[in-house]
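First up is the structure itself, then whatever we jot down about it.
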């Protein structure tokens, strides 16, 4: 086939294959244990699988309503009220999406226009900045404080300008495992008061938070909730990342704009899975006890690595563990991640790739959403380094 010869002006000239694909492919090629990409290697609930099959057999296989099926939106509304004390109207303020990333892109597209500034805290999930740039926005990247990965209050205040239209939050945080506290909440309330700044809060790991801490969802705080679009993920909660199921909460004024974009991106999400999840959520244990599973995995992995040469940084949420290797080598994290995969047989993600301009603290991210056998095998290899 002859190649198209016309000029191509890429909307993302700096974008290439994501590091997640690169490291997963390398892990496969090297027969390494893949702790790079964030997905569980254990099965989801058999009950949930059976529910999906049952609704398929019932004929629930055509388009769902654009906003999502009402039983699921009602269950979400009840859950949010129960956990966070906030009322979201099932009809007007909840939309089911084809995963968290689609919801994030839709929210950014609904609000950001050329020249608008968006504050992004780094290191950050890799879809934020491309979504901002594709909509003509300008990412204002602000580094979280190392090694705690908390927001620098003074830097945030100084980053606000007349062009600031959005602040993107992520808690529990990917890739660092940090969580925001009440000081950050108070800061956000103060700096956004009297402005038209929208908060986009990525809370896909809401149920994966440890050591008795409570998830500080933005929905808990009326002064912030009134200006926020909040994103959640069923994939993270129910160990079904490949189903690409999520949802967005927002007050009606913001949700109206969100849905204008959503309807032309995907229109609606998977129908039988929506019905299955709605029924599955009737038992609160199916989401309320997820943190226990992952805290056990976090603790197991950390304990197994306690005798290694890696420094274990605290992780308070998500299913990622950061390991610092500065006492082992001074190689760039991108280079060491590749060498570790090839020589030790364990794949990870270098943290510098989560910055717009790479910052190298000699950190690698490891996913512990794995079986006990996988974590034991990976730790044995890492302890030999």
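Out of every Cα pair in segment 248-385, what percent are spaced more than 26 Å from each other? Here the long-distance tail beyond 26 Å is 46 percent of all Cα pairs in segment 248-385.
The label-point distance for residue 53 and residue 41, in a model that sets each label 7 Å from Cα toward Cβ, rounds to 2.6 nm. With neighbours defined as other Cβ atoms within 10 Å of a residue's Cβ, the residues 207, 28, 316 order from fewest to most as 28, 316, 207. Rg over Rh for the chain works out to 0.96, both radii taken from alpha-carbon positions and Rh defined as the Kirkwood radius. Note on segment 188-308: Kirkwood hydrodynamic radius from all Cα pairs is 16.8 Å, rounded to one decimal. Computed from the C-alpha gyration tensor, the three semi-axes of the ellipsoid equivalent to segment 59-286 are 28, 20, 16 Å, from longest to shortest. Taking all Cα-Cα distances within segment 311-370, those exceeding 19 Å account for 25%. Extension gain for the segment residue 376 to residue 79, taken as residue separation times 0.36 nm less the Cα-Cα distance, is 103.4 nm to one decimal.
Binning the C-alpha pair distances of segment 228-289 at 5 Å intervals from 0 yields a P(r) profile of 4, 14, 23, 24, 19, 12, 4, 0 %, listed from the shortest bin outward.
Measuring between their Cα centroids, segment 194-215 and segment 345-363 lie 23 Å from each other.
Fewest-first ordering of 44, 367 by other beta carbons within 10 Å of each residue's beta carbon gives 44, 367. Counted by neighbouring Cβ atoms within 10 Å, the residues 348, 77 run from fewest to most as 77, 348.
Normalise the Debye intensity by I(0) for segment 35-134, one equal point scatterer per Cα, no solvent, then take log10 at q = 0.10, 0.21 Å⁻¹ and round to two decimals. For the requested q values the scattering log ratios are -0.45, -1.22.
No lab work stands behind these numbers, since they all come straight from the coordinates. Quick caveat: nothing in here was measured; it's all calculated off a predicted structure. Cβ: placed from backbone, ideal geometry, glycine included. Neighbour counts: every protein chain shown.
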